[in-house]
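J.: One structure, pasted below without further comment.
The values are calculated or read from the model by the stated rules, or taken from the named source; none is laboratory data. Predicted, not measured: the structure shown is a model, and the values here were computed from it. As a convention, Cβ positions derive from the backbone with ideal geometry for all residues, glycine included, and neighbour counts pool all protein chains shown. The accessibility values were calculated without ligands, DNA or RNA, using every heavy atom of the protein model including side chains. Shrake-Rupley method; radii C 1.70, N 1.55, O 1.52, S 1.80 Å.
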Amino acid sequence: MNPDYNVEFFRNFMLVMNALDNRAARNHVNRMCLAADIPLIESGTAGYLGQVTVIKKGLTECYECQPKPTQKTFPGCTIRNTPSEPIHCIVWAKYLFNQLFGEEDADQEVSPDTADPEAAWNPEETAARAIASEKDGDIKRVSTKEWARSTGYDPVKLFNKLFKDDIMYLLTMDKLWKKRKAPLPLDWEQLENHACPQEESPGSGLKDQQVLGVWGCCQLFRHSVETLRSQLEQKGDGAELVWDKDDPPAMDFVTAAANLRMHIFSMNMKSRFDVKSMAGNIIPAIATTNAVIAGLIVLEGLKILSGELESCRTIFLNKRPNLRKKLLVPCVLDPPSANCYVCVSKPEVTVKLNVHKTMVLSLQDRILKEKFGMVAPDVQIEDGKGTILISSEEGETEANNSKFLSDFGIRNGSRLQADDFLQDYTLLINVLHTEELEKDVEFEVVGDAPDKAPPPPTNQEEANSITNGNKDSAQPSTSSKAPAEADDVMIVDSEEEEEEEEGAPSSSSAAAATSGTKRKHQDAETGEASAKRPRTNQSSAAAAADEDDDDIIALD
């Protein structure tokens, strides 16, 4: 997304081949290729599954034409107070890494949440019950990083604060534990005194796939904190570390902290491999899948270079052969969607929000950047005066950030023009003022926006059949930094699988097979279902001519 790689840069090429790992990057390259009018070969793999498709402005769907579910997030009080799944503890551990070693974010707080509406407690009456550790007790409500620095990042003191003192503080919130199993605090000294020597000896199998015991996690926690502390010291005052799933000390820290929290909240602990899969939202890569998809990218590229764009196809790599013994199934490219807010001639959306509560900074970061994928937006109010609300030039409109939209005369029916000059992209936003948004919902996009996807399939067997690896590994990352999402994938069920499901009541597979529609299964990035859409007449006609296209079920 560097400005050096602008539209003119993209125009230097005859085609672009994508092999990316996150949606933000895919959206960006999609827009750059549309702006430069350069063919894009989009691809993705997830375990044994894969796909390749071609995107050409005005001729085919672009990457953002079809709905894609919003990435799943978790309520702050669940992460901080009442985790019930391993993913909650892993998210907490990633937040903790940033609070201790990285860029602090108020939305990634890890200390007990006293504002939890479910707790409904009286701190004056119960605080006395939170017995602190001998020296570092009364849980000071200061910055986690500030407190850690004051201890010299002492691993034992950090451990006792996070896994003993904070847990004892949580136990004082009586109402949280009336219908839940209460957490069990851990004490370093007690664990050290009762540690078994065998616990540190390696078991059988691959090291990353072994599940450490509690004391093993304590040792890993201490070692990783010491290593990360050294890295910070080497970088100098004010330095920050960035969490990376491929950085061993960072991964060790998250593995140890997440597993200790899982143990405290009575969950089965996970191997480093499983934690990495969930923390980075990784579906393990399979070399042969990548090789097949890379070959298909090249074959589609040869068609484009030969001027045979009309013969390009979307090609799906299936998990097992269909009844015709085919692993690869081609599908005719769909035309652009009339509802797409990216590739239509005049993109326009309606956003429902509260103009008295939505700040300009929220419009910029949450709506324009996160939701609509802009990199450096400029926003002008269509008020006859051309008032500049947001400027991509640093410092020009920073004073507006903390003001509400209503402060600039924006009300129900106002129109905003958002431009991203890097992407050569303009979006017209119609503001729909409302005071009836659900709790914790800042805004809603009205109409066919990419977050309007139905809930996951009710047929659990069907949902499970398309998950590669264990259930946990398909869970999404909730890091606020650009997350490493699993590659997008379209899944093609073989006829064999459809026949197995036909006997089931309300089988959407059987319906799809008889009605000639493409059915979207779960999204590989989010584990949620995408919207159904009928096959277009053009696709149906071409599909009839293609012997394999009649048994296609697709996943974006």
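J.: State which residue pairs qualify: first residue open to solvent by less than 40 Å² (accessible area, probe 1.4 Å) and inside segment 235-249, second residue of a type in the set (F, W, Y) in any location, beta carbons under 7 Å apart, and separation of 6 or more residues or different chains.
T.: Close Cβ pairs satisfying both conditions: L241/F101.
J.: I've got another one for you. Select from segment 229-257 the residues that are touching a Leu at 6+ places or on another chain (Cβ under 9 Å) and assigned to a loop (DSSP other than H, G, I, E, B) and list them in ascending order.
T.: A239, E240, L241, D247
J.: To continue, here is another question. Given the conditions (1) of a type in the set (A, V, I, L, M); (2) open to solvent by less than 30 Å² (accessible area, probe 1.4 Å); (3) assigned to a helix (DSSP H, G or I), which single one is not true for L191?
T.: (2)
Okay, residues lined up against (1) buried (at least 20 other Cβ atoms within 10 Å of the Cβ); (2) touching a helix residue (DSSP H, G or I) at 6+ places or on another chain (Cβ under 7 Å); (3) at pLDDT 90 or above; (4) not β-branched (V, I, T):
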| position | (1), (2), (3), (4) |
| --- | --- |
| N2 | no, no, no, yes |
| M14 | no, yes, yes, yes |
| A19 | no, no, no, yes |
| R23 | yes, no, no, yes |
| P39 | yes, yes, yes, yes |
| Y63 | yes, yes, yes, yes |
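J.: Could you please give the count of residues in segment 25-37 that are out of contact with any Cys (no Cβ under 9 Å at 6 or more places or on another chain) and surrounded by 17 or more Cβ atoms within 10 Å (Cβ to Cβ)?
T.: 7
J.: I would also like to ask the following. Looking at (1) touching a residue at least 60 places away in the same chain (Cβ under 8 Å); (2) open to solvent by 10 Å² or more (accessible area, probe 1.4 Å), find the lone condition where D113 falls short.
T.: Answer for D113: the failing condition is (1).
J.: Then there is this: Go through (1) under 15 Å from D420 (Cβ atoms); (2) without any contact (Cβ under 8 Å) to a residue 24 or more places away in the chain; (3) not acidic (D, E) and name the single condition I390 misses.
T.: That leaves (2) as the condition not met.
J.: With respect to A399, determine if the residue is open to solvent by 70 Å² or more (accessible area, probe 1.4 Å), modelled with pLDDT of 90 or more, out of contact with any His (no Cβ under 7 Å at 6 or more places or on another chain) and closer than 27 Å to D440 by Cα.
T.: yes
J.: Next up: Assess whether D424 counts as being open to solvent by 20 Å² or more (accessible area, probe 1.4 Å), at pLDDT 95 or above and under 27 Å from M1 (Cβ atoms). Reasoning before the result, please.
T.: Working: open to solvent by 20 Å² or more (accessible area, probe 1.4 Å): yes; at pLDDT 95 or above: no; under 27 Å from M1 (Cβ atoms): yes.
For D424, the condition - open to solvent by 20 Å² or more (accessible area, probe 1.4 Å), at pLDDT 95 or above and under 27 Å from M1 (Cβ atoms) - is not met.
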